[in-house]
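Read-outs: derived from the displayed coordinates by stated rules, not from any lab. As the structure is a computational prediction, the values presented were derived from the model and not from experiment. Every residue, glycine among them, receives a Cβ derived from its backbone with ideal geometry; neighbour counts consider all protein chains shown.
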Amino acid sequence: MPHTDENKSENPAIKMLPGFIASVRVRCGKSNCHCTRGNRHLAHYHVIYSGGLRFRRYVRHDQVGQVRDACQAHRDLQSQLREGRAEYKRMLASAREFDRIVRNE
Ligand SMILES: [Zn+2]
């Protein structure tokens, strides 16, 4: 197994994560592996954009589904928050509109 430098103490029960899963073809570096002959491995990375920077972290195959779900959960929350903000702006706009109507009378 490559990638033995992973943090084993990391909590596997991730519920929500920003970012997304990126899947790339890689060579593992073992000279006797099939990937040296062009049949590369599919590696998954968790990618986050933060403050104009791009962070990438290797995700084990058995954790891909979990991380992908966590990213989806985060996206869902973000869109809910966006929807909440849009709703708030609509309320604010109609309140201002009401205020203007009241003042004009
Ligand atoms: Zn390989």
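With θ set to phi - 60°, apply the Karplus curve 6.51 cos²θ - 1.76 cosθ + 1.60 along the stretch 61-67 and write out the HN-Hα couplings as whole Hz, x wherever there is a Gly or Pro.
For the stretch 61-67, the Karplus-derived couplings read 4, 6, 10, 4, x, 5, 5 Hz, x marking Gly and Pro.
Name the residue farthest towards the positive end of the dipole of the chain from the options I48, A22, V67, assuming +1 on Cβ of Lys and Arg, -1 on Cβ of Asp and Glu, about the Cα centre.
Sorting the options by dipole projection puts first A22.
Between beta-carbons, use under 14 Å as the cut-off and find the net charge around C71, counting Lys and Arg +1, Asp and Glu -1.
Result for the local shell: +3.
Would you kindly derive the ³J(HN,Hα) couplings of the stretch 27-41 from the backbone phi angles with the Karplus curve 6.51 cos²θ - 1.76 cosθ + 1.60 (θ = phi - 60°), listing them in order in whole Hz, with x for Gly and Pro?
9, 7, x, 6, 5, 9, 8, 4, 5, 5, 9, x, 8, 6, 7
Charges at C-beta only: +1 for Lys and Arg, -1 for Asp and Glu. How large is the resulting dipole of the stretch 17-104 about its Cα centre, in Debye rounded to 20?
It comes to approximately 520 debye.
For the chain, what D do you get in µm² per second when you plug the Kirkwood radius from alpha-carbon pairs into Stokes-Einstein at 20 °C and 1.002 mPa s? Please list the in-between numbers first.
Values: Rh = 17.5 Å.
So the translational diffusion coefficient is about 122 µm²/s.
Report the relative contact order of the stretch 17-104, percent, no decimals, based on alpha-carbon pairs under 8 angstrom and at least 6 residues apart.
So the answer I get is 26 percent.
Subtract the Cα-Cα distance of L92 and C33 from 0.36 nm times their separation in residues, and report this length gain in nm to one decimal.
Values: separation 59, 0.36 × 59 = 21.24 nm, distance 6.18 nm.
Length difference between fully extended and current span is 15.1 nm.
Using θ = phi - 60° and the Karplus curve 6.51 cos²θ - 1.76 cosθ + 1.60, what whole-Hz ³J(HN,Hα) does each residue of the stretch 78-95 get, with Gly and Pro shown as x?
With the stated coefficients, the stretch 78-95 comes to 4, 5, 5, 5, 4, 4, x, 5, 4, 4, 5, 5, 5, 4, 4, 5, 6, 5 Hz.
What's the ranking of 73-85, 90-102, 33-45 by average number of surrounding C-beta atoms within 10 Å, highest first?
Descending mean neighbour count gives 33-45, 73-85, 90-102.
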